[in-house]
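The values are calculated or read from the model by the stated rules, or taken from the named source; none is laboratory data. Small disclaimer: the values here were computed from a predicted structure and weren't measured. Glycine also receives a Cβ, built like all others from the backbone with ideal geometry; neighbour counts cover every protein chain displayed.
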Amino acid sequence: MKSYDHKKIEKKWQTFWDKKKTYQASNKSKKPKYYSLIEFPYPSGDGLHVGHPRPYIGMDVISRKKRMQGFNVLYPIGWDAFGLPTENYAIKTGKDPRVVTKANTDTFRRQIKSLGISFDWSREINTTDTKYYKWTQWIFLQFFKKGLAYKKRMMINWCPKDKIGLANEEVINGACERCGTTVEKKEKEQWMLAITKYAERLYKDLDDVDYLPQIKLGQRNWIGKSEGAEIEFEISGLGHPNRIKVFTTRPDTIFGATFLAIAPEVAKKLTGKDFGIKVDTDRENKEKIGADTGLTAKNPASGEMIPVFVVNYVSADYGTGAIMGVPAHDDRDFEFAKKFNLPIKQVVAAVSKSTVPQETPRDGVPHVDRDAVMCIVKHWEKDEYLCLQWRNHPSIHSMVSGGIEKGEDLIETGKREIQEEAGYTSAKFVRQIGGFSFIYFYHQMKNNNTLARFRYLYFELQNGEQVPISKEENDKLITFWKKKDEVYEFLSIVERDLVWNGFLGKIKEATYTGGGLLVNSGKFDRMESEKAKKEIINFVGGKEKVTFKLRDWIFSRQRYWGEPIPVINCGECGLVPVPEKDLPVELPKLTGKMKNYQPTDTGESPLAHIEKWVNVKCPSCKGKAKRETDTMPNWAGSSWYYLAYCMSKKGFSGSASFENWKLQIENFRHFMPVDWYNGGNEHTTLHLLYSRFWHKFLFDLKLVPTSEPYMKRTSHGLILAENGEKMSKSRGNVINPDDIVKRYGADTLRLYEMFMGPFDQTIAWSEEALIGPRRFLERVYNLQYKIKKNKKYSEFEVEKTIKKVSFDIENMKFNTAISTFMIFLNEVGKLDFISRDVYEKFLQLLSPFAPHITEEIWFNLGNKNSIHLSIWPSFDENLIKDEEIKVVVQINGKVRAEMMIGVEEKEEEVKNKACKNSGILKYLAGKDIKKVIYVKNRLINIVL
RNA sequence: GCCGGGAUGGCGGAAUUGGUAUACGCGCUAGUCUUAGGAACUAGUGGGGCAACCCUUGGGAGUUCGAGUCUCCCUCCCGGCACCA
């Protein structure tokens, strides 16, 4: 009887699978395809740590299951190898980045192979391979030819340490994403990709893909679509007539616009003056700064003349660079208006609906608009406030309130209501609180739906003098005095926010940014704000307009280790694309004098100094010309790599041309789209968005068969070091999978990584916990010596296991799948025997998680073909069904007994059984059963 | 500040989505076997109580026959965004 020796087993089967090409996908297969994808790694010099394989193992489990379910599975891998760390390391050590990359990929490949992941290694790609990047350059040329790749002089984010320009997405809190150095602004001519042209489609097509909700949301927020309007304001003060166009998402608030705020650049253009105001990107310092331009604008809705300010919180490159300042309904405008003493005018008021069912507005009754007041009344001695409760509706908690009668002003109404409802005669008006708000309710006495527009008045009683209250009011109302901090709890929800926010100061003085009904807006008063948006745009002659936050993608880097941009700069012809036949534009070899490829402080690419490489003939006029010396960002190669995996070897290696690409479309059609793509959340607004953009572009050129590259996107959690920190070489806390594979075996590592916690959750590594999965595998291994021939032991358990494990894998609930295996094993352990049939099914279920040990046992049992190409077990619902089932008996919701019932037993019988149950009788003695609730085959609850 | 996600034994985590809270694993305790064990196996293991029972899913209220799960308020943790009009 051999014991489990992972070292022997794992090597042996890895070689076997390699030789038998077990995991190779076919471009010709008649089976249905399944394309599962992980983000190909960046082969850093640090080697693999145990966090890297987590997504590979997860998708491996899914891929292996799909393979066993009869799919032609494509599960490829490659290397995203261009990039800064390699280049920096190469410069530091005086090596060629090609040599460094080779060494790193060799290490990564060896490490990943030792884990027994079912990658199709025959399709391995490397973005730094000239065969690969000639296609990257070719795709770039298509962008260029369509005018979507263009050059632009602009301020860029410059990292002084890496000496490289960064895309907006690569700047985190004003610092370089890679090295943490504070970025500077530098003016430079840059290559841009016009991703904004695809903003709407990138946004909208998210509807059609199955990404995790937070991933969709992340992309949507990043694209930042906002629907609004452009509205023109006439301005005077320039000496000639002029207009300023503003962008707003809230045209419904235009009557509340009490100033215009414009960006410094816009102000300069308009007036020729520099006001010394700068838009600060610093996140810490957000104080509103501004200056009066001396201009005035005419509010096109109200006709009011309003001042124009130049401010530091409106940027020139979003919208129109000008906004209308509506302090009552925008926090920033509010802050600015406070500082500059500008008027704050409420034009939208919230509508509350009564929470009392009898007061819910109903159909078929008249609608009535009313003006009303609510009075906050302070006690004459104590710090207490007058509250009311309706006798017949005890749930309505309110304060003194009532409608304004003809000829009355607000204060008169307030005083009258205080006297009528509470009898007090000495109320002194102090001030009005807040603005308008609406309450919409069914008026029971008057049988109509009332829309009451409330204002809030604060009164103080001078003394306790009272007149008698009418019988009618007395029957209706109870009055209370409540302390300040009790008022909020006491009030019904409808009144709560309105009274509290304005008066008791729990929430600071603030704007109301929600929707509601318009007030102070002339003929639009009482109109619903959504409807008012449209009508007001028309009224002021504005135009509906959609704006995006997304900016064009800064696509050039001034470094050596990237794909050269395949364009030639000719004095005569301008920017000329490198002809297809001349692709790839290879990076100059680093020999002899060309060894110096350090980045420069000037922001010029190091390639610019390599004259032999730079100086070329113009492909068009044959005159003297120079190559573009910028290279592409490392996001370029990863924007289409999932297509490269599908290509035929020959087509991939052949020359880059339209014809050769078109020959590949058949292969793309075979495998695309990717069925399931798992990757890191950090790429939501980077790689994932970029590659969707490239794919859509290729789709428009009819070069790929689908408009979206990925059908389904999920993400995995990080693995942290045992102390909860991020794993990194500099922290010295890296766990190398090599050590784990050596000591425990790849299968144990795989099982542990899937078992340690939910797949999508960040989790700390625990060396201690590894032993659990290892013990489990040993017990699985020893089970092969416990086979009892021709006996069907544990059939029931294995059927249940099939069902649960199949479901869990599809839903990435790997941890509970493994716990199901353990439960199964614990059950079987009690019997001490297992039937071969059941054991084989169990091994098949386990094989995606632990491919080596299961293959070993599978062959030990006499099978002649790989377990990984066997047919995934199916389960029989009938075998899973129990004859008898345990139900719980509760008394008042507390578990008091358990009992067995037949599966089909009727409700009545079960109830009777429960009431006669010996454990239950003592609780029933002398009590009446009020109610019995039966949840079929689960529990019965007796309410006393 | 805004938007997401979360808080369950000593630890990692389960919970059929409103129906027996703490599955599974680690650790711990006791025992068996061992020259020995930081191995393996067996049993036990949320807290309190002699017990019947009681308490327990970050805190507080609520809805419900029944709440880890739903609603409201609060505290803390982790991610993303950041003057986007």
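Residues that are assigned to a loop (DSSP other than H, G, I, E, B) and within 11 Å of RNA strand B (Cβ to nearest atom): does the range A:226-248 have at least one?
no
Out of the range A:671-709, which residues are within 16 Å of RNA strand B (Cβ to nearest atom) and small (Gly, Ala, Ser)?
Across the range A:671-709, the qualifying residues are A:GLY679, A:GLY680.
Give the residues of the range A:913-934 that are surrounded by 12 or more Cβ atoms within 10 Å (Cβ to Cβ) and either of a type in the set (Lys, Arg) or under 53 Å from the mean Cα position of the chain (by Cα) (or both), sorted by residue number.
Hits for the range A:913-934 are A:LYS913, A:ALA914, A:CYS915, A:ASN917, A:GLY919, A:ILE920, A:TYR923, A:ILE929, A:VAL932, A:ILE933, A:TYR934.
So if I check each of A:VAL314, A:VAL310, which one is away from RNA strand B (no atom under 12 Å from the Cβ), at pLDDT 90 or above and either assigned to a loop (DSSP other than H, G, I, E, B) or on the phi < 0 side of the Ramachandran plot (or both)? Break it down stepwise before answering.
On the way: A:VAL314 fails: away from RNA strand B (no atom under 12 Å from the Cβ).
Selected residue: A:VAL310, the only one of A:VAL314, A:VAL310 that is away from RNA strand B (no atom under 12 Å from the Cβ), at pLDDT 90 or above and either assigned to a loop (DSSP other than H, G, I, E, B) or on the phi < 0 side of the Ramachandran plot (or both).
As an exercise: evaluate A:LEU115 against (1) modelled with pLDDT under 95; (2) out of contact with any strand residue (DSSP E or B) (no Cβ under 8 Å at 6 or more places or on another chain) and give the number of the one condition it does not meet.
Condition not satisfied by A:LEU115: (1).
With (1) in contact with a Gly (Cβ under 8 Å, 6 or more places away or on another chain); (2) within 12 Å of RNA strand B (Cβ to nearest atom); (3) not hydrophobic (A, V, I, L, M, F, W, C) as the list, and A:GLU883 as the residue in question, which single condition is left unmet?
(2)
State yes or no: is A:ALA297 more than 14 Å from RNA strand B (Cβ to nearest atom), surrounded by 20 or more Cβ atoms within 10 Å (Cβ to Cβ), not polar (S, T, N, Q) and not in a helix (DSSP H, G or I)? Full working, then the answer.
On the way: more than 14 Å from RNA strand B (Cβ to nearest atom): yes; surrounded by 20 or more Cβ atoms within 10 Å (Cβ to Cβ): yes; not polar (S, T, N, Q): yes; not in a helix (DSSP H, G or I): yes.
Judged against the criteria, A:ALA297 is a match.
Here is a list: A:PHE340, A:PHE255, A:PHE309, A:PHE334. Which entry is farther than 24 Å from A:ARG453 by Cα and crowded, with 19+ Cβ neighbours inside 10 Å?
After applying the criteria, what remains is A:PHE309.
Those residues that are within 17 Å of the chain's Cα centre (by Cα) and away from RNA strand B (no atom under 16 Å from the Cβ), I need them from the range A:179-225; list them, please.
Hits for the range A:179-225 are A:LYS204, A:ASP205, A:ASP207, A:ASP208, A:VAL209, A:ASP210.
Please name all residue pairs, on different chains or six or more residues apart, with Cβ atoms under 9 Å, provided the first residue is in the range A:354-377 and is charged (D, E, K, R) and at pLDDT below 80 and the second residue is surrounded by 15 or more Cβ atoms within 10 Å (Cβ to Cβ) and in a loop (DSSP other than H, G, I, E, B).
These pairs meet every condition: A:GLU359/A:HIS393; A:GLU359/A:ILE396.
Out of the residues in the range A:523-539 that are within 16 Å of RNA strand B (Cβ to nearest atom) and buried (at least 17 other Cβ atoms within 10 Å of the Cβ), state the one that is farthest from A:LYS245 (Cα to Cα). Spell out the reasoning first.
Going through the range A:523-539, the residues within 16 Å of RNA strand B (Cβ to nearest atom) turn out to be A:529-530, A:532-534, A:536-537.
Then keep just the ones that are buried (at least 17 other Cβ atoms within 10 Å of the Cβ); that gives A:529, A:532-533, A:536-537.
Numbers: A:SER529: 22, A:ALA532: 20, A:LYS533: 17, A:ILE536: 15, A:ILE537: 13 Å.
It comes out as A:SER529.
Kindly provide the set of residues from the range A:624-634 that are in contact with a helix residue (DSSP H, G or I) (Cβ under 9 Å, 6 or more places away or on another chain), more than 13 Å from A:GLN137 (Cα to Cα) and surrounded by 17 or more Cβ atoms within 10 Å (Cβ to Cβ), ordered by number.
Answer for the range A:624-634, where residues must be in contact with a helix residue (DSSP H, G or I) (Cβ under 9 Å, 6 or more places away or on another chain), more than 13 Å from A:GLN137 (Cα to Cα) and surrounded by 17 or more Cβ atoms within 10 Å (Cβ to Cβ): A:ARG627, A:THR629.
For the structure I just gave you, tell me whether A:THR854 is modelled with pLDDT of 95 or more and not hydrophobic (A, V, I, L, M, F, W, C). Steps first, answer last, please.
On the way: modelled with pLDDT of 95 or more: yes; not hydrophobic (A, V, I, L, M, F, W, C): yes.
So A:THR854 fits the description; yes.
Quick one: how many residues across the range A:924-943 are within 14 Å of A:VAL895 (Cα to Cα) and part of a loop (DSSP other than H, G, I, E, B)?
Number of matching residues: 1.
Of A:GLU778, A:GLU827, A:GLU767, which residue is surrounded by fewer than 14 Cβ atoms within 10 Å (Cβ to Cβ), modelled with pLDDT under 95 and at negative phi?
A:GLU767
Could you run through the range A:499-522 and say how many residues are assigned to a helix (DSSP H, G or I) and either surrounded by 21 or more Cβ atoms within 10 Å (Cβ to Cβ) or at pLDDT below 90 (or both)?
Of the residues in that region, 6 qualify.
Of the residues in the range A:548-567, how many are in a strand (DSSP E or B) and within 16 Å of RNA strand B (Cβ to nearest atom)?
2
Are any residues in the range A:702-729 touching a Phe, Trp or Tyr at 6+ places or on another chain (Cβ under 9 Å) and either over 18 Å from A:HIS52 (Cβ atoms) or among the acidic types (Asp, Glu) (or both), and if so, which ones?
A:LEU703, A:VAL704, A:PRO705, A:THR706, A:SER707, A:GLU708, A:PRO709, A:TYR710, A:MET711, A:LYS712, A:ARG713, A:GLU722 - these are the residues of the range A:702-729 that are touching a Phe, Trp or Tyr at 6+ places or on another chain (Cβ under 9 Å) and either over 18 Å from A:HIS52 (Cβ atoms) or among the acidic types (Asp, Glu) (or both).
Could you check the range A:143-175 and list, in sequence order, the residues that are touching a helix residue (DSSP H, G or I) at 6+ places or on another chain (Cβ under 8 Å) and either over 24 Å from A:PHE693 (Cα atoms) or small (Gly, Ala, Ser) (or both)?
Within the range A:143-175, A:ALA149, A:ASP162 meet the criteria.
Tell me, which helices (runs of 4 or more DSSP H) lie completely within the range A:700-814 with 1 or more residues that are closer than 23 Å to A:TRP676 by Cα, among the hydrophobic types (A, V, I, L, M, F, W, C) and in contact (Cβ under 8 Å) with a residue 40 or more places away in the chain?
A:746-755, A:795-810
I'd like the full set of residues that are buried (at least 24 other Cβ atoms within 10 Å of the Cβ) and away from RNA strand B (no atom under 12 Å from the Cβ), limited to the range A:740-757.
Within the range A:740-757, A:GLY745, A:ALA746, A:ASP747, A:LEU749, A:ARG750 qualify.
I'm trying to understand the selection: among the residues of the range A:317-360, which are within 30 Å of A:TYR442 (Cα to Cα) and within 15 Å of RNA strand B (Cβ to nearest atom)?
A:ALA328, A:HIS329, A:VAL347, A:VAL348, A:ALA350, A:SER352, A:LYS353, A:THR355, A:VAL356, A:PRO357
Give me the pairs, please: first residue somewhere in the range A:679-694 and buried (at least 22 other Cβ atoms within 10 Å of the Cβ), second residue anywhere and of a type in the set (A, V, I, L, M) and part of a loop (DSSP other than H, G, I, E, B), beta-carbon distance under 8 Å, and either six or more positions apart or on two chains.
Hits for this filter: zero, empty list.
Return the total of residues in the range A:66-79 being surrounded by fewer than 23 Cβ atoms within 10 Å (Cβ to Cβ) and either modelled with pLDDT under 95 or under 19 Å from A:ASN811 (Cβ atoms) (or both).
Adding up the residues that qualify gives 3.
Tally the residues that are touching a strand residue (DSSP E or B) at 6+ places or on another chain (Cβ under 9 Å) and either surrounded by fewer than 20 Cβ atoms within 10 Å (Cβ to Cβ) or over 26 Å from A:TYR744 (Cβ atoms) (or both), restricting the search to the range A:840-873. Write out each step before concluding.
Of the range A:840-873, the ones touching a strand residue (DSSP E or B) at 6+ places or on another chain (Cβ under 9 Å) are A:842, A:861.
Still in the running and either surrounded by fewer than 20 Cβ atoms within 10 Å (Cβ to Cβ) or over 26 Å from A:TYR744 (Cβ atoms) (or both): A:861.
Result for the range A:840-873: 1.
Restricting attention to helices (runs of 4 or more DSSP H) lying wholly within the range A:830-923, give those where 2 or more residues are under 20 Å from A:THR820 (Cβ atoms).
A:836-846, A:851-860, A:877-880
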